[in-house]
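One structure is given below, encoded as structure tokens.
Please treat every number below as a calculation from the coordinates, not as lab data. Predicted model, so just to flag it, every value in this text is computed and none were measured. Reconstructed Cβ throughout: ideal geometry from the backbone, glycine too, with neighbour counts over all protein chains shown.
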Amino acid sequence: MHYEGNIIRPPSESDSILLQVTVGCSHNKCTFCGTYAGERFKIKQDAIIKEDIAFAAHYCRRQRRVFLCDGDALIIPMPRLLSILSDIEKELPWITRVGAYANAKSLKMKTVEELRELRSHGLGILYMGLESGDDVTLKKIRKGASSKTMIAMGRKAKDAGIKLSLTVLIGLAGRSRSLQHAEATGRVLSAIDPDYIGALSLMLIPGTPLNQNYKDGVFQLPNSDEMLRELRAMIAFTHLSRGLFHANHASNYLPIRARLPKEKASTLELIDKALAGNIVLRPEWARAL
């Protein structure tokens, strides 16, 4: 396989064929992210992608899913993306689902009808970084989209019948807007009603603008209890028709996997026990991205 730069994938795609179709991120301006620092975004050549699909056809017959790397594969123009999916269908007929990262910009570039066509050719799930539902926070981190736009684009993916997984960041608003960030994020999550939510706790990355703000005293990182209170408020304000809320990433102080709305009350009780000191939190040395 021809891999370039940093290759990232969602935790749920750990056993998938990682087919890199783009390099980097089409936005690459978020202040908290250093994954693609200094890396110019590009779509890989069709010939290379076809070679990698051919390689997978011979050596990756155990995997049943494909994940299109890297930061925003959905940005690929419709004809080329459809061609890639068609090649996967032809060369890897045992594949049951194709997944990809998406952002508000790439979703805006595709119509609902086009998304439905992509779904009919195997695109079964999109992963989108919401990060926050608080417009003040979204502007500060240079996300490039408002909460209103996030809701509209998330609903577009859902209307197309594609499963949607959203990522949110605990601690992203700092101490000053912690609860505003949590409540607004819960409301946006409720409006989108995704199938999956993944909550990560912010870990400052050297070389990023947000880390520099922290060093300069402009940004204050919430402590473990403050992050737990933020997580509790976020879940309390999140109302899903049916979905999974994961906060079991290694960055989190308290691993949580809750099916909402069924396990909402018990999850809030669990967080309350942790805040009361009755549950041991993950130590700092064990936390990682």
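Odds and ends about this structure:
- Counting only residues that are touching a residue at least 24 places away in the same chain (Cβ under 8 Å), of a type in the set (F, W, Y) and out of contact with any helix residue (DSSP H, G or I) (no Cβ under 6 Å at 6 or more places or on another chain), segment 38-83 holds 2 of them.
- Per-region count, segment 267-289, residues of a type in the set (D, E, K, R) and closer than 21 Å to L202 by Cβ: 3
- In segment 228-266, of all residues being hydrophobic (A, V, I, L, M, F, W, C) and under 21 Å from A286 (Cβ atoms), the one that is surrounded by the fewest Cβ atoms within 10 Å (Cβ to Cβ) corresponds to A250.
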